[in-house]
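The values are calculated or read from the model by the stated rules, or taken from the named source; none is laboratory data. Values in this document were obtained by computation on a predicted structure and should not be read as measured data. Here the Cβ positions follow ideal geometry from the backbone for every residue, glycine too, while neighbour counts run over all protein chains shown. Note: areas computed on protein heavy atoms with side chains; ligands, DNA, RNA excluded. Shrake-Rupley method; radii C 1.70, N 1.55, O 1.52, S 1.80 Å.
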Amino acid sequence: NVAKDVGKNNRVERNVAKDVGKPRVEQHYMMLFGAVAGAAAEFSTYPFEVIRRRMQLQGGTSSVSQVFGSDAFKRMTMTLNVILKRKGIAGLYVGSVPSVMQVLPSAALGYYSYEMFKILVGVD
């Protein structure tokens, strides 16, 4: 076990020494960038989630043609039009804040972990 730990430490030291002089992003910025990326992804896809939920709440019988193909596209555009007429663009983002708040920690930690693992392994 001790030999494995020494080997790991030597590898980390070599990888860190190899990167001396290279500009490095500070750790808290890595987490911030991950959080911003997660928020952007959530805000950009959230309108589709709203449309999907509304379509699911419409219920009724669903056939394959209503799920795939031109009938599904017509249903989706009709649902979008109803939302836009009743509530405007803001209607597509109702409830987005709690959803974004849920995504922020995991996106920040995921990006941070990815970047730190790259440093540990020595991948540029």
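When restricted to residues that are without any contact (Cβ under 8 Å) to a residue 60 or more places away in the chain and among the charged types (D, E, K, R), region 29-49 contains 1.
Out of the residues in region 110-120 that are hydrophobic (A, V, I, L, M, F, W, C) and touching a helix residue (DSSP H, G or I) at 6+ places or on another chain (Cβ under 7 Å), which is farthest from Glu42 (Cα to Cα)? Looking at the filtered set, the residue picked out is Leu120.
Just wondering, is there one or more residues in region 107-117 that are open to solvent by less than 70 Å² (accessible area, probe 1.4 Å) and closer than 18 Å to Val50 by Cα? No, region 107-117 has no match at all.
Annotation: of all residues in region 67-94 being of a type in the set (Phe, Trp, Tyr) and in a helix (DSSP H, G or I), the one that is modelled with the lowest pLDDT is Phe73. Taken together, the residues in region 79-106 that are of a type in the set (A, V, I, L, M), touching a residue at least 40 places away in the same chain (Cβ under 8 Å) and open to solvent by less than 40 Å² (accessible area, probe 1.4 Å) amount to 3. Considered as a group, the residues in region 26-66 that are open to solvent by 70 Å² or more (accessible area, probe 1.4 Å) and outside any helix (DSSP H, G or I) include one that is modelled with the highest pLDDT, and that residue is Glu26.
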